[in-house]
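Undergrad: Have a look at the structure that comes next, please.
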Amino acid sequence: MEDRSFPDIEIRLNPHLVRVVNDDALIGTLREGKHKAAFLLAHKILKDYQEEYGEELKITEKSLACEIYWHYYFLDKATAFERRFGKKKFTSWLIRHIDTSDCGERKVDNNRFVWDLLSHFF
């Protein structure tokens, strides 16, 4: 797989967890590249994690790509909704909770099973 750099996307590596900030750089990358960009980013994150911690992050590339993409997608739709209709309680709550994608292994991320399941259709 192509190793592409994503220097403007804020990624924080932590033991058993990575955080991907849904900022303008990520939104632009995923808006342009869609699923392929999510897979390339997931591949890079897993590689960087391996180099940083000397072990694999126990998340499949497909599950990580799925989670990153769908967090971006819902953030993009929620912000577009607020631009059009004004701030609403639900969309404001949603935006606060998905402005950073916390992607963790099953032992630290209680919704990992959701992304693992959805990744079969991604």
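Read the figures in this text as sums done on the coordinates, not as results from a lab. Note that the structure is a prediction, hence the values are computed from the model and not measured. Cβ: placed from backbone, ideal geometry, glycine included. Neighbour counts: every protein chain shown.
Undergrad: So how many Lys-Lys pairs in the chain land under 18 Å Cα to Cα, not counting same-chain pairs under 8 apart?
TA: Total qualifying Lys-Lys pairs in the chain comes to 14.
Undergrad: If each of Ser92 and Leu118 carries a label point 7 Å out from its Cα toward its Cβ, how far apart are those two points in nm?
TA: 2.4 nm
Undergrad: May I ask you to order 85-96, 54-65 by the average number of other C-beta atoms within 10 Å around their residues, highest value first?
TA: Output ranking for 85-96, 54-65: 54-65, 85-96.
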